[in-house]
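The values are calculated or read from the model by the stated rules, or taken from the named source; none is laboratory data. As the structure is a prediction and not an experimental result, all values here were calculated from the model. Reconstructed Cβ throughout: ideal geometry from the backbone, glycine too, with neighbour counts over all protein chains shown. What goes into the accessible areas is simple: the full protein's heavy atoms, side chains included, and nothing from ligands, DNA or RNA. Shrake-Rupley method; radii C 1.70, N 1.55, O 1.52, S 1.80 Å.
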Amino acid sequence: ATFHGLCRQLLLERGDAAYRGGLIDDEMRTAIMADALQLVTDPGDLSVAAAVAGVVQAKQALLTPADDLSALPVAPGPLSAVYAAYQRLLRMQHLLDFEDLICETVRLLASDETWRKQLRQRFVHIFVDEFQDINAGQYRLIRLLAPAQADICVIGDPDQAIYGFRGSDVRF
């Protein structure tokens, strides 16, 4: 499976009502982000496109609206408020965006020891192809799924890294 496909499957198997909603596409994300900008008292000069890019980058780094977003290229003040409004709108409608698949799975694995143990027993062998293209969220997901004794095989070539725009980092 892809990282996103695996996370969607795991969230659905988990059965939480919050994850039974739909997965939004880029067009719907843009519309919801525009609504989020309208809800924020002072969004500054943050455009919908910049807000989407900032939220995507934050989620790929597993950052929440409450975290320090100053390392992101978008202004952190308005982005935090817009990001928080965007997440509220998603939750109200039981929707997830593409990045939420990994973020929510990582959050739940980190906080639910019972579920993490169940999945670790299930995934005793982990194989990751194109490892040079993983980002912080994907790396954290692997670390949470893999117990110390797990067999992990990764294959990657740093000279073929092509997903830097998606937060991948060959240092992983």
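One residue stands out among those in the range 127-145 that are open to solvent by 20 Å² or more (accessible area, probe 1.4 Å) and part of a loop (DSSP other than H, G, I, E, B): the one that is modelled with the highest pLDDT, which is Asp129. Close contacts from the range 104-130, counting a first residue that is more than 18 Å from His4 (Cβ to Cβ) and a second that is open to solvent by less than 40 Å² (accessible area, probe 1.4 Å) and in a helix (DSSP H, G or I), with Cβ to Cβ under 6 Å and a gap of 6+ residues or different chains, come to Arg116/Leu109. Taking first residues from the range 134-156 that are basic (Lys, Arg) and partners that are open to solvent by less than 20 Å² (accessible area, probe 1.4 Å), the Cβ contacts under 8 Å between residues at least 6 apart in sequence or on separate chains come to Arg140/Val106. Only a single criterion out of (1) at pLDDT 80 or above; (2) part of a loop (DSSP other than H, G, I, E, B) is not satisfied by Ala148, namely (1). For Glu104, the criteria (1) at pLDDT below 85; (2) under 30 Å from Asp42 (Cα atoms) hold in every case but one, which is (1).
Annotation: Asp157 fulfils all but one of (1) surrounded by 16 or more Cβ atoms within 10 Å (Cβ to Cβ); (2) more than 27 Å from Asp25 (Cβ to Cβ); (3) not aliphatic (A, V, I, L, M); the unmet one is (1).
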